[in-house]
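Worksheet: the structure to be examined is printed underneath.
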Amino acid sequence: MKNFEFYNPVRILFGKGTISKISNHLPAGVPVLFVYGGGSIKKNGVYDQVVKALGATEYYEFSGVQPNPSYEQLMPALGIIRGKNIGFILAVGGGSVIDGSKFLAAAACYKGDEPWDLLSLQPEVKEALPIGTVLTLPATGTEMNGNSVISRISVNHKLAFGSSLLMPRFSVLDPEVTYSLPKNQIANGVIDAFIHVLEQYLTYPSRAEVQDRFAESLLLILKDTGSKVFADPEPDYNDRANFMWAATNALNTSISMGVINDWSTHTIGHELTALYGFDHAVSLAIVLPGVLTLLREKRKEKLLQYGERIWGITSFDHQAAILETIKYTEQFFRCLGVNTKLSEYGIGSEAIDKVVNQLNSHGATMLGRARDVTIDDVPAILGTRL
């Protein structure tokens, strides 16, 4: 296990009724920008709960943040932030709303002329507005990390940036707000979190037993409880709570300490989303089996461990066991109603050159932190997904 430092300052307010505690954690006398997406929080009562919790706090609203939040859509909010002297951002929604709010928090304090440079040039974020979150869709883990992913529609780019300054000051996680989620969003949340864990776990042995066993516990919860949440006709509070907390822990950096991470599946998946508008989790479900097939020999030890501990697959024929493990993983995604082949979305081999060109356009040649996937591997990876 490698040396590491671990510090996560996010305050988690978890459980029933915790939205009511928001005002206890807002800075006094500071105007707040209340950021949210479409109309779902008004239909399920979350909007009213937040407004009631804000009480006498001076706040302004910015709504309509869409999935895969775009630079173009978010930029008008900067006018509100500057015009109303906003000092705190409250993001109420899923990963898109929270990621968009993180971008706004950094862009509001950025001294350059073009806020997109935060993503394209990756300068150090030296200042950002504080943010808090009310999570409505367990999936991305952004409620407990400093990462953000933003698209720019005009150039078909989807890029990530991050900073410890973008860590939420607090995040409210009330499992009851997930009761109204449609099945496709639950499926996306389970798959997104599951692959987040695999990006940190399914690389190379690091003798990090705590991180491995923690990652495996999250995978089992997402596989078993996540499937139950997806299938049950009536929501069960404890199942929703375990699903929500597992998704948060999947990407709050605790399982990545001292181990080799990857993220090549995300790098390629982001390009598919930018080009074709896939849900984030759908793009990951398409790409991951191709990545694992390509790397089945290089990552043999961890693939065998994953297959045995999560799927119960053991065999003296290691190659057969690995292929079975990849098959089971893909079947899991499909059982959640998500197709895993480009051809199932009417997309053919032309996607390969488009993705390669997109990666080249912003200099992405080494695609993962494990340094075993390059841009030259993309045709083989996506070739298995046709």
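The values are calculated or read from the model by the stated rules, or taken from the named source; none is laboratory data. Everything numeric in this text was worked out from a predicted model, so none of it was measured. Don't worry about glycine lacking a Cβ; one is built from the backbone with ideal geometry, like all the others, and counts go over all protein chains shown.
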*Out of region 169-222, which residues are under 19 Å from ASN147 (Cα atoms) and of a type in the set (Lys, Arg)?*
ARG169
*Failed condition for ASP262, given (1) surrounded by fewer than 23 Cβ atoms within 10 Å (Cβ to Cβ); (2) of a type outside the set (Val, Ile, Thr); (3) outside any helix (DSSP H, G or I)*: (1)
*For region 329-344, what are the residues that are loosely packed, with under 15 Cβ neighbours inside 10 Å and in a helix (DSSP H, G or I)?*
GLN331, ARG334, CYS335, SER343, GLU344
*Hey, among the residues in region 104-122 that are in a loop (DSSP other than H, G, I, E, B) and in contact (Cβ under 8 Å) with a residue 40 or more places away in the chain, which one's nearest to TYR71 (Cα to Cα)?*
TRP116
*Please indicate, with yes or no, whether at least one residue in region 152-172 is under 29 Å from SER40 (Cα atoms), assigned by TED's automatic domain parsing to the domain that holds VAL355 and under 19 Å from the mean Cα position of the chain (by Cα).*
no
_From the list LEU198, LEU181, exactly one residue is in a helix (DSSP H, G or I) and in contact (Cβ under 8 Å) with a residue 24 or more places away in the chain. Which is it?_
LEU198
_Matching residues, region 57-71, being at pLDDT 95 or above and assigned to a loop (DSSP other than H, G, I, E, B)_ = THR57, GLU58, SER63, GLY64, VAL65, PRO69
*Of the residues that make up region 277-291, is at least one touching a strand residue (DSSP E or B) at 6+ places or on another chain (Cβ under 9 Å), surrounded by 23 or more Cβ atoms within 10 Å (Cβ to Cβ), in the same structural domain as VAL259 (by TED's automatic domain parsing) and closer than 27 Å to THR225 by Cβ?*
yes
*Inside region 118-165, can you point out the residues that are more than 26 Å from LEU13 (Cβ to Cβ), surrounded by fewer than 18 Cβ atoms within 10 Å (Cβ to Cβ) and of a type outside the set (A, V, I, L, M)?*
SER120, GLN122, PRO123, GLU124, LYS126, ARG152, SER154, ASN156
*Could you give every pair whose Cβ atoms fall below 8 Å, whose first residue belongs to region 322-339 and is on the phi > 0 side of the Ramachandran plot, and whose second residue is surrounded by fewer than 16 Cβ atoms within 10 Å (Cβ to Cβ), counting only separations of at least 6 or pairs across chains?*
GLY337/LYS183; GLY337/ASN184
*asked:* Looking at region 56-64, can you tell me whether even one residue there is closer than 29 Å to LEU284 by Cα and under 21 Å from the mean Cα position of the chain (by Cα)?
replied: yes
*Tally time: how many residues in region 345-386 are touching a residue at least 40 places away in the same chain (Cβ under 8 Å) and not in a loop (DSSP other than H, G, I, E, B)?*
13
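Okay, residues lined up against (1) at positive phi; (2) not aliphatic (A, V, I, L, M):
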site	(1), (2)
ILE131	no, no
GLY141	yes, yes
MET144	no, no
ASP174	no, yes
